[in-house]
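Engineer: Following this message is one structure expressed as structure tokens.
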Amino acid sequence: MSVELTYLALTALLTASLWIPYIACQVMTNGFLSGENYVDPTPRPVPLWGLRANRAHINAVEAFAPFAALVLIAHVAGKENAMTAFWTMAFFWLRLAHAGVYWFAVPFVRTILFTLGFVAVCGLAWSVLS
């Protein structure tokens, strides 16, 4: 399997698992769901770190689609090379770091990491389209 597909799979696993801290926060704060929670979908209150964990997950889901599409296009089009490998690795590690600094409310670093992740997607797009 190529480096690009490996990091696509790792990014998919990361994105798929980022809901766990939010759910853990919900259970630690409010206990397990009751029958009425299934009827009333209003989110139960959680500490700020839980809200940040939820936002980190949502943000990762939003960023995943264009990244995944570009990796798959690169693979199918036979455009995989050292630069596409670099951009896919960079995206994964930047998203992992982004989630961590989002949870811990590190000011400004989160924005820098998000922007660099976008740069990685743009670099991947450039590599695929050129």
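The values are calculated or read from the model by the stated rules, or taken from the named source; none is laboratory data. Because the structure is predicted, anything quoted here is derived from the model rather than measured. So basically every Cβ, Gly included, is an ideal-geometry build from the backbone, and we count neighbours across all protein chains shown.
Engineer: Report whether or not residue 75 is under 19 Å from residue 21 (Cα atoms), modelled with pLDDT of 95 or more and not polar (S, T, N, Q).
Structural biologist: no
Engineer: Now a separate question. Which of the numbered conditions does residue 122 fail, given that it passes all the others? Conditions: (1) among the hydrophobic types (A, V, I, L, M, F, W, C); (2) under 28 Å from residue 20 (Cα atoms); (3) in a helix (DSSP H, G or I).
Structural biologist: Among (1) among the hydrophobic types (A, V, I, L, M, F, W, C); (2) under 28 Å from residue 20 (Cα atoms); (3) in a helix (DSSP H, G or I), residue 122 violates only (2).
Engineer: While we're on this one: I'd like to check something: does the stretch 80-101 contain any residue that is touching a residue at least 60 places away in the same chain (Cβ under 8 Å) and more than 16 Å from residue 124 (Cβ to Cβ)?
Structural biologist: Yes, some residue in the stretch 80-101 is touching a residue at least 60 places away in the same chain (Cβ under 8 Å) and more than 16 Å from residue 124 (Cβ to Cβ).
Engineer: For the stretch 1-57: of the residues being among the polar types (S, T, N, Q) and assigned to a loop (DSSP other than H, G, I, E, B), which is farthest from the chain's Cα centre (by Cα)?
Structural biologist: Applying the filter and picking the extreme gives 34.
Engineer: Restricting attention to the stretch 58-85, which residues are surrounded by 16 or more Cβ atoms within 10 Å (Cβ to Cβ) and in a helix (DSSP H, G or I)?
Structural biologist: Result: 59, 60, 63, 64, 67, 70, 71, 74, 75, 83, 84, 85.
Engineer: When residue 29 is evaluated against the numbered criteria (1) free of Cβ contacts under 8 Å to residues at least 60 places away in the same chain; (2) in contact with a His (Cβ under 7 Å, 6 or more places away or on another chain), which criterion, by number, is the only one it fails?
Structural biologist: Of the numbered conditions (1) free of Cβ contacts under 8 Å to residues at least 60 places away in the same chain; (2) in contact with a His (Cβ under 7 Å, 6 or more places away or on another chain), the odd one out for residue 29 is (2).
Engineer: Please go through the stretch 93-122 and pick out each residue that is surrounded by 19 or more Cβ atoms within 10 Å (Cβ to Cβ) and more than 16 Å from residue 62 (Cβ to Cβ).
Structural biologist: 101, 103
Engineer: Under 8 Å by Cβ, and 6 or more places apart or on different chains, what pairs join a residue from the stretch 1-16 that is more than 11 Å from residue 68 (Cβ to Cβ) with one that is hydroxyl-bearing (Ser, Thr, Tyr) and surrounded by 14 or more Cβ atoms within 10 Å (Cβ to Cβ)?
Structural biologist: Filtered contacts from the stretch 1-16: 3/88.
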